[in-house]
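Just so it is clear, none of the values below were taken in a lab; they were calculated from the coordinates. All values derive from a computational prediction rather than experimental measurement. So basically every Cβ, Gly included, is an ideal-geometry build from the backbone, and we count neighbours across all protein chains shown.
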Amino acid sequence: MQGERSAHPGEGEPDAEGTVTVADAPQETRFARPQEADARRDAPGAGFITLRGVTKRYVSRVKSTLALDEIDLDIRREEFVALVGQSGCGKTTMLRILAGLIKPSSGEVTVAGQPLWRGDRREDDALAKLGLVFQDANLFPWYSVEENIALPLRLRKVDKRERLRRAHELAELVGLKGFERALPRELSGGMRQRVAIARSLSYHPEILLMDEPFGALDAMTRDKMNLELSRIAKATSATVVFVTHSIGEAVFLADRVVLLSARPGRIKSITEVDIPRPRSLDATTTPDFQEKVLTLRHQLAEDEERLARGGGVES
């Protein structure tokens, strides 16, 4: 039943990490950031997020594994970039480096001109621009939809009235109007992911980092979520970096698709997708779309053949 609560005495406060998802909201809904964010515009083509020589090596007692090798990439403001590649190619490692969750072994990451890391310390100003979404929605089961959405604001000591106002605004944006007091157990998987996306948007992040957020959903729900994510990214003017195993999903969503080679992860190709966003499912039937998907699949197949021959794996 809506409105029920489960008491969890002794539970610690959850962390402030956001998550992300999308839904059915009116097309006219427009989600604007504070005006000071709009005042800071990069020059055309400038890198809003930059990676220079980013390398990550995991070292244990028994082995050393090179996960990413000399990654150079510029991501423009409001651009949607998808990362694809073989399992183990470093897609999630790269996303976690961008999120400040792990430090690169060498190289530099900057966000709006600010280093993400200063020595061993993460730079708070750069981190404040980030919203993060995983495959699991990671909702707190004893919190309602509105409480889950407003959680990052609560941790930032935002006034309760403003928290609820923002939560209701975002619930409408992601198509959950009327479900604000429902508990996670009363929602479908797609609806839970929508709550997670709304939670990540609660504090006006400029960048959404998404690690296979729809990977656990059925095909029909996933298609719907892709449509909604495309719409929401446009409505919020967010810069999005999206990890997926699906080439079709990557081409449908992204302005550019970055293909990483099998370990060690290096940029194998960057594919431009010049179809205006947001897109309809009709875009997937065009020859240009299908050609891009086929080309990327051939490139992935080349990697598979190289691995089968035992080449290219460095440890």
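If only residues of segment 258-303 that are of a type in the set (Asp, Glu) and within 26 Å of the chain's Cα centre (by Cα) are counted, the one that is farthest from Ile232 (Cα to Cα) is Asp303.
A quick yes/no check of all residues on (1) under 20 Å from Arg77 (Cβ atoms); (2) surrounded by fewer than 22 Cβ atoms within 10 Å (Cβ to Cβ); (3) of a type outside the set (A, V, I, L, M):
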| position | (1), (2), (3) |
| --- | --- |
| Asp218 | no, yes, yes |
| Thr221 | no, yes, yes |
| Lys234 | yes, yes, yes |
| Val251 | no, no, no |
| Leu259 | no, no, no |
| Glu272 | yes, yes, yes |
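The one condition from (1) among the charged types (D, E, K, R); (2) closer than 20 Å to Thr92 by Cβ; (3) surrounded by fewer than 19 Cβ atoms within 10 Å (Cβ to Cβ) that Glu291 does not meet is (2).
What is the residue count in segment 200-234 for residues that are charged (D, E, K, R) and within 13 Å of the chain's Cα centre (by Cα)?
Selection size over segment 200-234: 3.
Among the residues of segment 84-114, the ones that are surrounded by fewer than 23 Cβ atoms within 10 Å (Cβ to Cβ) and of a type in the set (Lys, Arg) come to 2 in all.
Note on segment 294-315: residues that are over 30 Å from Glu228 (Cβ atoms) and either in contact (Cβ under 8 Å) with a residue 60 or more places away in the chain or surrounded by 11 or more Cβ atoms within 10 Å (Cβ to Cβ) (or both) total 9. Residues in segment 64-91 that are part of a loop (DSSP other than H, G, I, E, B) and basic (Lys, Arg): Arg76, Arg77.
The rows are residues; the columns are (1) outside any helix (DSSP H, G or I); (2) within 26 Å of Glu78 (Cβ to Cβ); (3) without any contact (Cβ under 8 Å) to a residue 60 or more places away in the chain.
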position: Pro152; (1), (2), (3): no, yes, no
position: Ala167; (1), (2), (3): no, yes, yes
position: Ala171; (1), (2), (3): no, yes, yes
position: Glu180; (1), (2), (3): yes, no, yes
position: Ile197; (1), (2), (3): no, yes, no
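So is Val158 of a type in the set (A, V, I, L, M), more than 15 Å from the chain's Cα centre (by Cα) and surrounded by fewer than 24 Cβ atoms within 10 Å (Cβ to Cβ) or not? Answer is yes for this residue.
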